[in-house]
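Asker: I'd like to ask some things about the structure below.
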Amino acid sequence: MNRTKEVMSIKAKINNYAKSNNVTSQTVLQNFMFERFLERLSKSKYQDKFIIKGGILISNMVGLDTRSTMDLDITLRNLPLDEELILQALKQISRIHLDDDITFSDFHFSPIRPEDEYGGFRIRFSATYFSIVTPLSIDLSTGDKITPRPLVYKFSPLFGTENSFTLWGYNIETILAEKLQTIISRGVASTRPRDFYDVYILTKEKQFDIKKLKSAFTETCKHRGTENLIKESDNRMAEIAQSKALHTIWLKYAKQFSYAKDILYEDLMKSLKILLDALVAK
């Protein structure tokens, strides 16, 4: 198959997947490129030093048709947050050969999380498949508390033509704990409807251990300097529930993503209340 036919073939796969799963072709393309990068990571010496979190992990747990994402979040383990070391790691990962004709290049770093004592980097780079060039972004951080520990997840290919692979990722209790801490601490100033959605869909579709969630929430709050947050949760949740601004933000999100279109703002509040009630229960 020549290059033109190969490009046409992958575009057809992307468009067909997007149409059948009701997501955009660009979302499918970027997730496919992330998948190709992550499989290389799984075959590298860094596979136990990069812990996957955020949208890519949640999408892997519930399906791209249920949670789409356009970026990759990673926490480092046993690897310093040093730009030169990380650049070397990314280049080594990118050089791992897979029979997919995809290359990764042009890594550019910018600082993120300036309020955090550990900080982090946003790394922008390009994935290239012949004439298809796709911009990608990784948010890389360190020092996060993962309670009790990361888990190994199986990642399956979007198109079923590649082998599945495994990587380390956040356990669901830590995912929920971080989402809850973010929602409550930001209160009515929140501008991230996906946090509300993630809590809703994970509690609806996945099992979790409430004792582990309590521990994870406590550790997350300690790490982020919000130890008294649970005591303020009732008042803050009342404000969130009554916020017209947040309600409007949610309506826009639900209109943008078909998987959220039938979820009411009140449904989000119920899922949050159930979790918070469980956290304060003896």
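Asker: Once you've got the GNM for the chain with C-alpha springs shorter than 10 Å, pick whichever of I52, I184, I263 has the biggest mean-square fluctuation.
Answerer: Highest fluctuation of the listed residues: I263.
Asker: Pick from V199, V133, V62 the residue whose mean-square fluctuation is largest in a GNM of the chain, springs joining Cα atoms under 10 Å.
Answerer: V133
Asker: Based on the Cα atoms of region 55-134, what semi-axes does the equivalent ellipsoid have, where each is the square root of 5 times one gyration tensor eigenvalue, given in whole Å with the largest first? Display every interim value, and only then the final one.
Answerer: Values: eigenvalues 106, 79, 30 Å².
Value: 23, 20, 12 Å, ordered largest first.
Asker: Further question on the same structure: If I histogram all Cα-Cα distances within region 173-280 using bins 5 Å wide from 0, what percent of pairs lands in each bin?
Answerer: Whole-percent P(r) values from 0 Å outward: 2, 12, 25, 26, 19, 11, 4, 0.
Asker: Counting only helical runs of four or more DSSP H residues, what would the 222 nm mean residue ellipticity of the chain come to if each run contributes -39,500 (n - 2.57) and the total is spread over all its residues? Present the calculation step by step, with values, prior to reporting the outcome.
Answerer: Numbers: 10 runs with 144 residues, N = 282.
Calculated at 222 nm, the ellipticity per residue is -16500 deg cm²/dmol.
Asker: May I ask you to give the average projected area over all directions of the convex hull of the Cα atoms of the chain, in nm² rounded to one decimal? Can you show the working numbers first?
Answerer: Numbers: hull surface 59.3 nm².
So the mean shadow area of the Cα hull is 14.8 nm².
Asker: Go through region 179-188 residue by residue and turn each phi into a ³J(HN,Hα) via Karplus (6.51, -1.76, 1.60, θ = phi - 60°); whole Hz please, and just put x for glycine and proline.
Answerer: 4, 4, 4, 5, 4, 6, 5, 7, x, 6
Asker: Please build a GNM for the chain, connecting alpha carbons under 10 Å apart, and tell me which residue among Q181, Q207, Q30 fluctuates the most.
Answerer: In the Gaussian network model the winner is Q207.
Asker: Here's another thing I want to ask about it. For region 1-80, which trypsin sites (Lys or Arg not before Pro) are both in a DSSP coil and crowded by at most 11 other Cβ atoms within 10 Å? Mind showing how you got there, number by number?
Answerer: Numbers: sites: R3, K5, K11, K13, K19, R36, R40, K43, K45, K49, K53, R67, R77; in loops: K43, K45, K49, R67, R77.
Answer in residue order: K45.
Asker: Which entries in K13/K206; K212/K270; K53/K255; K244/K273 show an alpha-carbon gap greater than 23 Å? Show your work: numbers first, answer last.
Answerer: Working: K13/K206 29 Å; K212/K270 21 Å; K53/K255 25 Å; K244/K273 18 Å.
From K13/K206; K212/K270; K53/K255; K244/K273, over 23 Å: K13/K206; K53/K255.
Asker: So what is the relative contact order of region 3-170, in percent, for Cα pairs below 8 Å that sit 6 or more residues apart? Before the final figure, lay out each step's value.
Answerer: Numbers: 265 pairs, mean separation 39.4, N = 168.
In percent, rounded to a whole number, it is 23.
Asker: Over the Cα atoms of region 1-126, compute the convex hull volume and normalise it per residue, giving Å³. Please list the in-between numbers first.
Answerer: Numbers: hull volume 15.4 nm³, N = 126.
With only Cα atoms used, region 1-126 gives 122 Å³ per residue.
Asker: State, in angstrom, two size descriptors of region 35-91 derived from its alpha carbons: Rg to one decimal place and Dmax to the nearest whole number.
Answerer: Rg, Dmax (Cα atoms, Å): 12.4, 37.
Where a number appears in this text, it was derived from the coordinates with a stated rule and is not lab data. Computed from a predicted structure; not experimentally measured. Using ideal geometry, Cβ is built from the backbone for each residue, glycine included, and neighbour counts are taken over all protein chains shown.
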